[in-house]
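Let me begin by presenting the structure, written as structure tokens, before commenting on it.
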Amino acid sequence: MPSIEKLLFTAASGFVEPGDRQAFLEFACQGDPVRLGQLQELLAIQQDAEEFFELHPEVTSQGDTSGPGESEAGLGASIGPYRLIERLGSGGCGVVYLAEQQVPVKRRVALKIIRLGMDTDSVLARFNLERQALALMDHPNIARVLDAGVTASGLPYFVMELVDGERITDFCDHHRLGLRQRLELFILVCEAIQHAHQKGVIHRDIKPSNVLVRTHDGRFVPKVIDFGIAKATAGNLDAHSTVTNLGQFVGTPAYMSPEQADGGVDIDTRSDIYSLGIMLYELLTGTPPLNPENLKDRGIEEIRGILREGETGVPSARLRKIPADEINEIATNRGVDPQRLPSMLEGDLDWIVMKAIEPERQRRYETANGLGMDVQRYLAEQPVLARPPSRRYLLGKLVRRNRVTFAAASVALFGLLGGLGVSTWLFVREKEALRVQTSLRMDAEALG
């Protein structure tokens, strides 16, 4: 296959949604309907082809494999000690399976393997970086790598802990978590991303579907997953394996920073800060500032322009514009009154979100930890750094943090003022009585 067709085929294969894939093909094949038709045919048969060829050479007899989905080619196969049970999903270059480890212990894991036909040098380098990056991580809110290897047909794979959770936004809505609980979860995600940054890794695809939440021992535990398009920044990883070609569009548009959308090579950790801010916006309001559906049919240059302009709208203002039936559902999912929700976001939370998603990265938070700490300040009713401090604002925060002390002081002050008022009144009355008495005496003396 000529190189341009192969490149377009590889790029189109990375789109999970059919609509996204079709929009890309139409954009890339403008004026060439023959090439467009060829690529569409190849993509149509791709899934069947990869399911048949990808793992078939390694299928080992497992006896009766009549369970759900196991009649599908590849399922029921074994890769080393791992038996493939179910296909969980696929991304730009890999397929993720639910697998069962058989020795030395029995447990369920997630196994990620290179997709058929995607084993180019650049894809292999990225896949290897993801393995290395996850292996470096040692954080309770990042999915752990358990094992890695190569199949008999030469395809690399790695094994991760199975994160059987929901995307963070769905989890919060299904459990009707209030704003405080959502913010506490978000702080944990910020800490996880900070850990990745300290290990020299920029995630570059932070979005709700890459943050899964589950309940463990009565606690809500978020896990950051999918470092498939991560970028290395430190010497302990091969930074050359993550170099993005100038102008390349990598990531999810609705959550992507303007500088990442531009395709420049000068991407730093503040790109992840922007994505975190977009996710926080969605946790608070129910939708990201840019509706993903509205971006589907737009060209790459148009999307870049939208992101550069930064016309996102303040979260509280966005809620005030939403129809009554929608705001009722959003508020119900957060356990608050629909009339109160916009005012709850107004002020500090608006400031925090808008600082995180500043189009100019030098005006964002410097670190994920800085963003998380400002959210923590909000929860502790301390002044947040995102808001320009005024004396009235600082005094208001001081009063709210020390309600009991100020209440007692207020009672004492009112008591003092009350006592002072009574004393003043008595003093005035006594002074008036003395004046009247003196006047009467002087009148009597004059008559006498």
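Matching residues to (1) more than 20 Å from the chain's Cα centre (by Cα); (2) assigned by TED's automatic domain parsing to the domain that holds Arg180; (3) touching a residue at least 24 places away in the same chain (Cβ under 8 Å):
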residue: Leu284; (1), (2), (3): no, yes, yes
residue: Leu290; (1), (2), (3): no, yes, yes
residue: Glu293; (1), (2), (3): no, yes, no
residue: Glu302; (1), (2), (3): yes, yes, no
residue: Ser316; (1), (2), (3): no, yes, yes
residue: Asp325; (1), (2), (3): yes, yes, no
residue: Gly335; (1), (2), (3): yes, yes, yes
Could you figure out which of (1) crowded, with 21+ Cβ neighbours inside 10 Å; (2) touching a residue at least 60 places away in the same chain (Cβ under 8 Å); (3) more than 14 Å from the chain's Cα centre (by Cα) isn't true of Phe158? (2)
Looking at (1) assigned by TED's automatic domain parsing to the domain that holds Thr269; (2) surrounded by fewer than 19 Cβ atoms within 10 Å (Cβ to Cβ); (3) part of a loop (DSSP other than H, G, I, E, B), find the lone condition where Asp170 falls short. (3)
Residue that is of a type in the set (Val, Ile, Thr), in contact with a Phe, Trp or Tyr (Cβ under 9 Å, 6 or more places away or on another chain) and either surrounded by 14 or more Cβ atoms within 10 Å (Cβ to Cβ) or farther than 26 Å from Ala386 by Cα (or both), where the choices are Thr312, Thr285, Thr332: Thr312
Against the conditions (1) loosely packed, with under 15 Cβ neighbours inside 10 Å; (2) of a type in the set (A, V, I, L, M, F, W, C); (3) more than 24 Å from Phe24 (Cβ to Cβ), where does Val265 fall short? Just the number, please. (3)
What number of residues in the stretch 142-171 are of a type in the set (D, E, K, R) and in contact with a Ser or Thr (Cβ under 7 Å, 6 or more places away or on another chain)? 1
How about the stretch 257-305: which of its residues are hydrophobic (A, V, I, L, M, F, W, C) and within 30 Å of Asp337 (Cβ to Cβ)? Leu276, Ile278, Met279, Leu280, Leu283, Leu284, Leu290
Residues satisfying the stated conditions in the stretch 183-209, i.e. part of a helix (DSSP H, G or I) and farther than 17 Å from Asn369 by Cα: Pro208, Ser209
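Please enumerate the residues belonging to the stretch 93-128 that are small (Gly, Ala, Ser) and over 30 Å from the mean Cα position of the chain (by Cα).
Gly117
The values are calculated or read from the model by the stated rules, or taken from the named source; none is laboratory data. Only a predicted model underlies this, so the values are computations on that prediction, with no experimental measurement involved. So basically every Cβ, Gly included, is an ideal-geometry build from the backbone, and we count neighbours across all protein chains shown.
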